[in-house]
1. On the accessible surface of the chain, probed at 1.4 Å, how many percent belong to carbon and sulfur atoms?
2. Quote the charge dipole size of segment 1-56 about the Cα centre in Debye, to the nearest 20; the model charges only the Cβ of Lys and Arg (+1) and of Asp and Glu (-1).
3. Filter the trypsin sites (Lys or Arg not before Pro) in the chain to those in DSSP coil with at most 16 other Cβ atoms within 10 Å of their Cβ, and list the result.
4. Please name whichever of L12, M1, Y37 sits farthest to the positive end of the charge dipole of the chain, dipole taken about the Cα centre and charges placed at Cβ: Lys and Arg +1, Asp and Glu -1.
5. Helix-derived [θ] at 222 nm for the chain: sum -39500 (n - 2.57) over DSSP H runs of at least 4, divide by residue count, nearest 500?
Amino acid sequence: MGQVDKEYAEILDELKKEQIDLVSISKRYRQIKIKDYLQSDLGKGVLKEIQNIRGGID
């Protein structure tokens, strides 16, 4: 597992918590995305989860 995948996995763990700070999680996602040159599938999954929590925006 690459470094960005580890960071994405951490975000997914945070998204499963009852209380989340979606603004800071979104910022972290964007920072990781900058380093994600290979466009990780896990990163795409994180984005979908964030969008679902925000209200299903695709």
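1. Details: 2210 of 4330 Å².
Roughly 51 percent, rounded to a whole number.
2. Values: 11 positive and 10 negative charges, 49 e Å.
For segment 1-56, the charge dipole is close to 240 debye.
3. Values: sites: K6, K16, K17, K27, R28, R30, K33, K35, K44, K48, R54; in loops: K16, K17.
Passing both the DSSP loop test and the Cβ count: K16, K17.
4. Y37
5. Numbers: 3 runs with 41 residues, N = 58.
Result for the chain: -22500 deg cm²/dmol, rounded to the nearest 500.
The values are calculated or read from the model by the stated rules, or taken from the named source; none is laboratory data. Just so it is clear, the structure is predicted and the values come from calculations on it, not from any experiment. Virtual Cβ from ideal backbone geometry, glycine too; neighbours counted across all protein chains shown. Protein only, heavy atoms only, side chains kept; ligands, DNA and RNA dropped before computing areas. Shrake-Rupley method; radii C 1.70, N 1.55, O 1.52, S 1.80 Å.
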